[in-house]
Amino acid sequence: MTANLRDVLTEYPAAMLGAIADGWRISLTDEQLPEIIARLVTEMTRPENFESVLRRLSDHEKAALAFLAAHEQVRAHIFTRRYGQVRRMGPGRLEWEAAWREPVSVAERLWFLGLIYRTFAVDGEYHGEVFAVPVDLRSLLPAMEAALPRFEVQVVAEPSCVEDERDALARDLFAVLAHLRNNDVRSKKGVLARHEFDRLRHRLARTDHARLQFLWRLAQQAELVQWADQLWMPAQQAAPWFKRDALSRQRLLFETWLADAGWNELCAMPSVRCEDTGWRHDPVLPRRALRRHLDACPANVWLALDSLVDAVYDTDPDFMRPDGDYQSWYIRGVEDGRYLLGFDSWGKLEGALIRYLLEHALFWLGVIALGKAQEAEPATAIRVSATGSALLSGEGAPTGVADAARREEAAARIVLSSDLSILVPGAASWYDRFLVERFARWVEDTRGGARYVMDAPSLKRALSRGVAVPQIENFLARVSGGRVPAKVQRALKSWGGSSA
C-alpha cells in the first residue's frame with residue numbers, strides 16, 4: 001500500500017529534507033528533524049501550495065507524475081526507463097553538489113520535490129524497488145490524463161499463404177503411441193532413437209527435428225509414455241487421453257507445455273547462443289505472458305505479427321525478466337558473436353522469443369495459424385483459432401458444440417468391407433481407433449477419417465501380443481453396429497485357427 005507523506009519524509013536525511021524545502025520554496029530554521037518533517041507535511045499538503053508546485057512542472061514532468069499516479073506503484077526500472085534515472089547519493093554529496101538544483105532527469109526532478117518516493121515492494125513475480133506518489137499528495141492531484149500504453153494489435157487482410165496445424169500434433173502423437181504399442185521399441189538411454197521416427201515418417205504431418213523433439217518431450221511430460229526394461233510403451237495415462245474429446249486432448253498437451261520448466265525455448269533459438277555462467281531464466285514466464293496477451297486478441301482474425309510484438313514491448317516489456325535485469329544474462333548473438341546486454345537488445349531476445357514461440361510451439365499446438373506472403377518466407381501474420389481461444393482462456397467448448405461432438409462420436413460407425421479394409425470415421429473415438437491399430441495395418445489418413453486393412457501379418461502381430469480372435473470379433477461387431485461382412489468373419493476364423 002502507498003505510504004503517506006510523513007512516513008516517506010521520516011526516512012530521509014536532513015539534506016534531502018532541505019532539497020525538498022528548497023523546491024517548494026519553504027524557509028526552514030534550525031528546528032529538529034521532527035519539527036522539520038511536520039512543517040513540510042503541513043506546507044506540502046496545503047492545496048494552494050501543491051497547486052503552485054504543479055504549475056511549475058513541465059508537460060513531461062506532469063505526464064510522468066500522472067503515469068505514476070495512475071498506478072499504486074510502478075517497478076523502478078520501468079519508471080526510470082521512461083522518465084530517467086534517480087541518482088543514488090549520500091547526504092554529503094547531495095548537500096555539497098546541491099544536486100536538486102540541476103536534476104538529471106524528469107524522474108529526479110519529481111524525486112527532489114518529494115512528489116514521488118522509492119521503496120521496496122512485491123509486485124507479482126517482481127521483488128524489488130518501486131516508485132509511488134505519497135497517498136496524501138495523490139489525493140490532491142487534479143484529474144490528469146496519463147499516457148498509458150494500450151495493448152493494440154493491427155488487423156490485416158488474410159495472407160496469400162496460410163499454414164494451420166489444427167490437431168496435427170495430437171494425431172502424430174497418436175501414431176507414435178500406436179507404434180510403441182505394436183512394436184518392441186528398445187532404448188538404452190531412455191530416449192527414443194531417431195530411426196524409430198524414421199519408421200513413422202509416412203504417418204507424420206511434419207518430420208523436422210525440432211518438432212519431433214517437441215512432440216516427444218510432451219509425450220514424456222504428459223506421462224503418455226513410459227520407459228521400463230529398456231522398452232518404450234504407452235503409459236496408463238494414454239487410454240484416458242484417447243477417450244477425451246478433441247479439445248481436452250489438445251488442452252493436455254498445451255497445459256503440459258505451458259508448465260514445463262525444463263524446456264527452454266530462449267536458448268533453443270538458432271539466432272542466439274546461451275552461456276552457462278550461473279544466470280537463471282524461467283521459461284514458464286514468457287509462455288504465461290504470451291498466453292495472456294494472445295487471450296486478449298480476437299479469435300479468427302488475422303493480426304500483424306510485428307504489431308503483436310510491438311504491443312508487448314509497449315505494455316509488458318519485462319515479461320520474461322520481472323526484475324528488469326538486462327545486464328547479467330550472458331547470451332551472444334550468433335550473427336556477430338556479441339553479448340546481447342541492455343534493454344536495447346530487447347528486439348533480439350524478447351522480440352525474437354515471441355516470434356519463436358508463435359512460429360513453433362503455439363503453431364504446433366494448434367493455438368494459432370501462420371500467414372505468409374509466400375511459403376518459404378517468414379510469417380507476417382497470425383490468427384488465433386477457435387480451439388486456440390478456448391485453450392488460452394481455459395474454457396471448454398460451448399455446450400452446444402460439445403454435445404454435438406458427443407452425438408457425432410456416438411453415431412460414428414466403423415465401416416468394414418469385404419476386402420478386409422476398415423474405414424474409421426474422423427468423428428470416431430480415438431480409443432476405438434487405437435484398438436483397431438492393434439490388429440490392422442494403417443494405410444492412409446483420408447479427409448473423412450483413416451483407412452486400415454487386416455492381413456495375415458497384422459493379425460499375427462496382434463495374436464503374438466495377447467489379443468484373441470474372439471476379442472477382435474466382439475470389438476468389430478460393437479463398433480460397426482453388427483455389420484461385419486461374412487468374408488471378414490471367415491478370415492478371422494481362418495487366421496485364428498492357423499495360429500493356434
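Annotations for the structure displayed:
- Test: residue in region 330-343 that is among the acidic types (Asp, Glu) and under 29 Å from Ala157 (Cβ atoms): no
- Any chance Met269 is closer than 29 Å to Tyr356 by Cβ, in contact (Cβ under 8 Å) with a residue 40 or more places away in the chain and touching a helix residue (DSSP H, G or I) at 6+ places or on another chain (Cβ under 9 Å): yes
- For the residues Leu231, Leu253, the requirement of being aliphatic (A, V, I, L, M), at pLDDT 95 or above and closer than 15 Å to Val176 by Cβ singles out Leu253.
- Screening region 305-319 for residues that are under 15 Å from the mean Cα position of the chain (by Cα) and of a type in the set (Val, Ile, Thr) and picking the one that is surrounded by the most Cβ atoms within 10 Å (Cβ to Cβ) gives Val312.
For every residue, the table says whether it meets (1) under 15 Å from the mean Cα position of the chain (by Cα); (2) over 25 Å from Leu294 (Cβ atoms).
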site: Arg321; (1), (2): yes, no
site: Trp329; (1), (2): no, no
site: Gly333; (1), (2): no, yes
site: Gly337; (1), (2): no, yes
site: Gly342; (1), (2): no, yes
site: Lys348; (1), (2): no, no
site: Tyr356; (1), (2): yes, no
site: Glu359; (1), (2): yes, no
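- Number of positions in region 149-172 that are surrounded by 16 or more Cβ atoms within 10 Å (Cβ to Cβ) and either of a type in the set (Phe, Trp, Tyr) or over 27 Å from Leu253 (Cβ atoms) (or both): 1
- Exclusive hit being assigned to a loop (DSSP other than H, G, I, E, B), surrounded by 13 or more Cβ atoms within 10 Å (Cβ to Cβ), of a type in the set (Gly, Ala, Ser) and at negative phi, set Ala175, Ala146: Ala146
Here is a yes/no grid of residues against (1) among the β-branched types (Val, Ile, Thr); (2) surrounded by 17 or more Cβ atoms within 10 Å (Cβ to Cβ):
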site	(1), (2)
Leu247	no, yes
Gly262	no, no
Asp276	no, no
Arg280	no, no
Leu294	no, yes
Leu303	no, yes
Arg321	no, yes
Ile331	yes, yes
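- Whenever a residue of region 359-372 is of a type outside the set (A, V, I, L, M), its partners that are in a strand (DSSP E or B) and surrounded by fewer than 21 Cβ atoms within 10 Å (Cβ to Cβ), lying with C-beta atoms within less than 9 angstrom and at least six residues away or across chains, give the pairs Phe363/Glu163; Gly371/Cys161; Gly371/Val162; Gly371/Glu163; Gly371/Trp302; Lys372/Cys161; Lys372/Val162; Lys372/Glu163.
- Qualifying residue in region 360-382 (condition: touching a Leu at 6+ places or on another chain (Cβ under 7 Å), surrounded by fewer than 18 Cβ atoms within 10 Å (Cβ to Cβ) and not in a helix (DSSP H, G or I)): yes
- Count of region 75-106 residues, restricted to those that are crowded, with 17+ Cβ neighbours inside 10 Å, over 26 Å from Pro322 (Cα atoms) and not aliphatic (A, V, I, L, M), is 3.
- Region 236-351 holds strands (runs of 3 or more DSSP E) entirely within its bounds, and those carrying 2 or more residues that are under 26 Å from Glu163 (Cβ atoms) map to 302-304.
- Checklist (1) assigned by TED's automatic domain parsing to the domain that holds Gln213; (2) charged (D, E, K, R); (3) buried (at least 17 other Cβ atoms within 10 Å of the Cβ) applied to Arg109, failing item: (1)
- Positions within region 180-190 being free of Cβ contacts under 8 Å to residues at least 24 places away in the same chain and either surrounded by 11 or more Cβ atoms within 10 Å (Cβ to Cβ) or not in a loop (DSSP other than H, G, I, E, B) (or both), in sequence order: Asn183
The values are calculated or read from the model by the stated rules, or taken from the named source; none is laboratory data. Because the structure is a prediction, the values reported are computed rather than measured. Positions of Cβ are backbone-derived with ideal geometry, glycine not excepted, and every protein chain shown enters the neighbour counts.
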